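The values are calculated or read from the model by the stated rules, or taken from the named source; none is laboratory data. As the structure is a prediction and not an experimental result, all values here were calculated from the model. A quick note on method: Cβ atoms are made from the backbone with ideal geometry, for glycine too, and the neighbour counts reach across all protein chains shown.
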Amino acid sequence: MNSGRPIRVVFLSFYFEAWDALADIYRQMLADPRFEPTVISIPRRLTGETTYSGEDKVSALYDSVGVEHLRFDFEDSAIGLAKLREIAPDYVFLNYPWQRNYQPNYRAEVLSEFTKVCQVPYYSFALVNEPGEDGVAPYLYTQRSHQLSSLIFTQDAAVVEAYSRTSRGNSHVHLTGSPKLDSLVSRAIATPRDRYTLVWAPHHSYSAHWLNFGTFASMYREMLDFAKSHQDIEIIMRPHPFMFGTLVDRQVVDESELNQWLEEFKALPNTSIETGGDFASLFLSSDLLLTDGISFIGEYPMITGKPAVYLENSERWKFSPIGEIAVQANWRIGSFAEFADRFDQIRAEGLGDYSAAIERLRKAASPYPGESAARIIEIVAGDFAAETPLVDKSTIKEVAWELGPDKEPLVD
């Protein structure tokens with residue numbers, strides 16, 4: 001029986017690029033006497049990497065935003081697991097569902113044996129569907145980490161409905177809105193810049209088996225030429241954190257050629273590359289965003305009230321219903337040449353009035369503006385008071401999404 005003690009909550013994350021999905025929940029729990037939150041930084045293994053590493057980067061991010069935390073930088077995750085068991089958390093919050101990127105002992109498969117896993121999406125909204133699917137993309141609700149989570153929080157009513165068709169049902173799935181989106185919209189701060197600023201944000205997906213939104217490989221040489229011929233503007237590249245590794249690992253771009261390109265791009269006086277930090281403030285401080293997706297298609301209009309330039313990969317996976325709403329809030333093009341040809345006019349006049357499309361996006365994407373974290377906290381408190389049991393794995397009848405055909409193997 002719960003005896004009036006604080007609710008012990010651990011935020012276990014390596015995906016520091018999306019700490020904003022958890023940050024407001026943590027801050028509000030820290031100020032709430034009902035809770036005892038602990039943040040832990042852990043290593044990760046991203047696409048193209050062979051070892052688990054990067055805990056120092058996670059820790060540095062927490063230091064930079066003033067978040068006290070424990071550092072589990074252990075080569076053997078069994079050590080961290082033992083320490084985690086000593087903490088005896090009632091709940092462990094995750095902001096990333098793919099188990100393959102976690103060290104083995106931090107995966108939901110292990111955590112769910114002794115604590116309640118809570119999933120908060122790292123993304124602001126789910127804009128993409130899977131091939132052959134017309135409803136909710138299965139990877140959004142049928143991965144093993146979804147199956148084993150005691151509490152699921154989402155910003156999409158369609159996701160709540162999708163869970164109802166699984167063997168566990170959807171009584172543990174809650175429509176709360178997105179803490180990440182709330183944070184992005186409310187905390188972005190514009191910083192004046194000396195000259196016109198273009199943010200270029202290429203995605204990492206280059207496979208018919210996974211999203212396939214990336215366009216970097218088809219236009220990176222053109223972008224270098226554009227940067228060389230437009231040295232009166234600032235170009236900030238904000239690549240998806242997985243992109244460079246994916247390009248090399250999947251042999252999309254030759255490694256030596258990519259390194260040569262990076263050397264030339266970085267050497268220009270008007271270019272830079274940012275791989276982390278506060279992209280919302282970067283967006284608000286910029287004049288224009290050029291991106292091939294995915295979440296930035298929705299986030300940029302929501303944060304800035306302006307459209308972005310969406311460079312479309314014609315072979316991408318199709319958009320979800322909310323994705324179709326989001327893409328209409330941007331100028332959609334099929335080649336970099338279209339952008340380059342119109343750039344001078346865009347610089348002088350902007351992209352035009354997209355206010356109606358952006359307002360439609362706001363209404364669809366944010367069911368409870370500014371309330372998401374508070375709603376999540378109350379749901380956790382209610383679940384704790386109800387003393388609900390851990391997930392019974394025997395009730396799960398479906399094969400996890402990542403174990404299906406044509407999926408990347410889970411390699412330890």
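Output the residues belonging to segment 195-211 that are in a loop (DSSP other than H, G, I, E, B) and buried (at least 18 other Cβ atoms within 10 Å of the Cβ).
If the condition is that a residue be in a loop (DSSP other than H, G, I, E, B) and buried (at least 18 other Cβ atoms within 10 Å of the Cβ), then Pro202, His203, His204, Ser205, Tyr206, Leu211 are the ones that fit.
If you check Ser295 against the conditions, is it within 23 Å of the chain's Cα centre (by Cα) and not assigned by TED's automatic domain parsing to the domain that holds Lys57? It would help to see each step written out before you state the result.
Numbers: within 23 Å of the chain's Cα centre (by Cα): yes; not assigned by TED's automatic domain parsing to the domain that holds Lys57: yes.
Against the criterion (within 23 Å of the chain's Cα centre (by Cα) and not assigned by TED's automatic domain parsing to the domain that holds Lys57), Ser295 qualifies.
Regarding segment 205-219, can at least one residue be identified that is closer than 18 Å to Ser272 by Cβ and free of Cβ contacts under 8 Å to residues at least 60 places away in the same chain?
no
Give me the residue from segment 7-38 that is within 15 Å of Gln119 (Cα to Cα) and β-branched (Val, Ile, Thr) and, out of that set, surrounded by the most Cβ atoms within 10 Å (Cβ to Cβ).
Once the filter is applied, the top-ranked residue is Ile25.
Exactly one condition in (1) out of contact with any Pro (no Cβ under 9 Å at 6 or more places or on another chain); (2) surrounded by fewer than 21 Cβ atoms within 10 Å (Cβ to Cβ) is not met by Gln231; state its number.
Going through the list (1) out of contact with any Pro (no Cβ under 9 Å at 6 or more places or on another chain); (2) surrounded by fewer than 21 Cβ atoms within 10 Å (Cβ to Cβ), Gln231 breaks only (1).
Which of the residues that make up segment 263-276 are touching a residue at least 12 places away in the same chain (Cβ under 8 Å) and surrounded by fewer than 18 Cβ atoms within 10 Å (Cβ to Cβ)?
Here is the first cut: in segment 263-276, the residues touching a residue at least 12 places away in the same chain (Cβ under 8 Å) are 264-265, 268-276.
Passing the criteria: Glu264, Leu268, Pro269, Asn270, Ser272, Ile273, Glu274, Thr275, Gly276.
Can you name the residue in segment 215-241 that is of a type in the set (Asp, Glu) and outside any helix (DSSP H, G or I) and is also nearest to Ser335 (Cα to Cα) among such residues? Before you say what the answer is, go through the steps one by one.
Initially, segment 215-241 is screened for residues of a type in the set (Asp, Glu), giving 222, 225, 232, 234.
Going one step further and asking which of them are outside any helix (DSSP H, G or I), we end up with 232, 234.
Working: Asp232: 23, Glu234: 21 Å.
This residue is Glu234.
Take segment 231-246 and flag every residue that is more than 19 Å from the chain's Cα centre (by Cα) and either at pLDDT below 95 or more than 24 Å from Phe296 (Cα to Cα) (or both).
From segment 231-246, those more than 19 Å from the chain's Cα centre (by Cα) are 231-236; that's our starting set.
If the condition is that a residue be more than 19 Å from the chain's Cα centre (by Cα) and either at pLDDT below 95 or more than 24 Å from Phe296 (Cα to Cα) (or both), then Gln231, Asp232 are the ones that fit.
Which condition number does Glu17 fail, the rest of (1) of a type in the set (D, E, K, R); (2) in contact with an Asp or Glu (Cβ under 9 Å, 6 or more places away or on another chain); (3) touching a residue at least 24 places away in the same chain (Cβ under 8 Å) being met?
Failing condition for Glu17: (2).
What's the number of the only condition in (1) at pLDDT below 95; (2) on the phi < 0 side of the Ramachandran plot that Ala373 fails to meet?
Ala373 satisfies every listed condition except (1).
Restrict the check to segment 273-288 and report whether at least one residue is at positive phi and not hydroxyl-bearing (Ser, Thr, Tyr).
The first filter runs over segment 273-288 and keeps only residues at positive phi, leaving 277.
Filter again for not hydroxyl-bearing (Ser, Thr, Tyr), leaving 277.
Yes - at least one qualifying residue is present in segment 273-288.
Given the residues Glu349, Glu359, which is the only one that is loosely packed, with under 11 Cβ neighbours inside 10 Å and assigned by TED's automatic domain parsing to the domain that holds His209?
Details: Glu359 fails: loosely packed, with under 11 Cβ neighbours inside 10 Å.
Going through Glu349, Glu359 in turn, the sole match is Glu349.
Answer yes if at least one residue in segment 120-130 is in a helix (DSSP H, G or I) and surrounded by fewer than 20 Cβ atoms within 10 Å (Cβ to Cβ), and no otherwise.
Within segment 120-130, the first condition is being in a helix (DSSP H, G or I), and the residues that meet it are none.
No, segment 120-130 contains no residue that is in a helix (DSSP H, G or I) and surrounded by fewer than 20 Cβ atoms within 10 Å (Cβ to Cβ).
Could you grab me the full set of residues in segment 131-150 that are assigned to a helix (DSSP H, G or I), in contact with an Asp or Glu (Cβ under 9 Å, 6 or more places away or on another chain) and buried (at least 19 other Cβ atoms within 10 Å of the Cβ)?
Here is the first cut: in segment 131-150, the ones assigned to a helix (DSSP H, G or I) are 138-140, 144-147.
Still in the list and also in contact with an Asp or Glu (Cβ under 9 Å, 6 or more places away or on another chain): 138-140, 144-145, 147.
Hits for segment 131-150 are Tyr139, Leu140, Arg144, Ser145, Gln147.
So Leu184 clears everything in (1) assigned to a loop (DSSP other than H, G, I, E, B); (2) over 23 Å from Thr395 (Cβ atoms) except one condition, right? Which one?
Failed condition: (1).
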